[in-house]
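Contents: one structure, followed by commentary.
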């Protein structure tokens, strides 16, 4: 055998022996890890923003770093967030590092507060792939507490949904036709209903804007209690009822304005509403926009409370001479 071929043969032989040795070492290590049945370990939690303080409706980003042996990996994260908050988006599992005998994983969780004030700690349970006995491993984690600050509505500087993330905005835009169609159907049903009721009543006086608004608010309350409409669609319909009433009552073109323009008029010196009523409209319109655009999940009680407050607003703004007769 010639010398160059002999050298080449020894190099190949050495490479094969090395590869076999490494594979054997990995296999033996894997078997030892599997038999030892090491549990997953929690390393740390990272929160953004680090202070845990966000505006109402903003997103808190939580990253868990955990360590698992080679034979185990994260499968599922069951989350019970603190009262007054909700999980948004998908929970992601990313492998950050692989070392001798173990892997480092990063679990990405997003939560969103929907009430003001302190949001208490929540709980999370990580499910890890089964061990050698076929039993699923579990690791208990804590969802950090956060603080939700009330949205400040500064005069002439209102910017609704300025903190809405890009994905929520794109999703809301794609679904806008569905919402518009649903609103049109509901409004057509309401208008047709009241049209036939007026036809049946003889010698009835022309219906005033406040009477019309109160009838619609009463009907909307019945629909949500009877589960005809869900809370998210109900609060959208309620927005239109209030806007059209204010336009007819005070001639402010509320139905054609953006939320920002509408609330700006309400802040002006010539506003016909009291400070309490203007504050109600601010919070109500912000909540409505969060439902329509930021996928905020409203509850039935919140919508019913808003309807009752809207009824109070209408009753308070009926002309005095009409209210006394």
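So which strands (runs of 3 or more DSSP E) stay within the range 75-132 end to end and still have 1 or more residues that are at positive phi? Break it down stepwise before answering.
Values: elements: 85-87, 92-99, 102-113, 117-119, 122-128.
Here the list reads 117-119.
Of the helices (runs of 4 or more DSSP H) lying entirely inside the range 171-279, the ones with 2 or more residues being at pLDDT 80 or above are found at 176-200, 209-225, 231-250.
Residues in the range 43-61 that are over 17 Å from the mean Cα position of the chain (by Cα), in a loop (DSSP other than H, G, I, E, B) and more than 13 Å from residue 110 (Cα to Cα): 2 in all.
Among the residues of the range 54-101, the ones that are farther than 30 Å from residue 302 by Cβ, surrounded by 15 or more Cβ atoms within 10 Å (Cβ to Cβ) and free of Cβ contacts under 8 Å to residues at least 40 places away in the same chain come to 3 in all.
The values are calculated or read from the model by the stated rules, or taken from the named source; none is laboratory data. Just so it is clear, the model here is predicted, and its values are computed rather than measured. Glycine also receives a Cβ, built like all others from the backbone with ideal geometry; neighbour counts cover every protein chain displayed.
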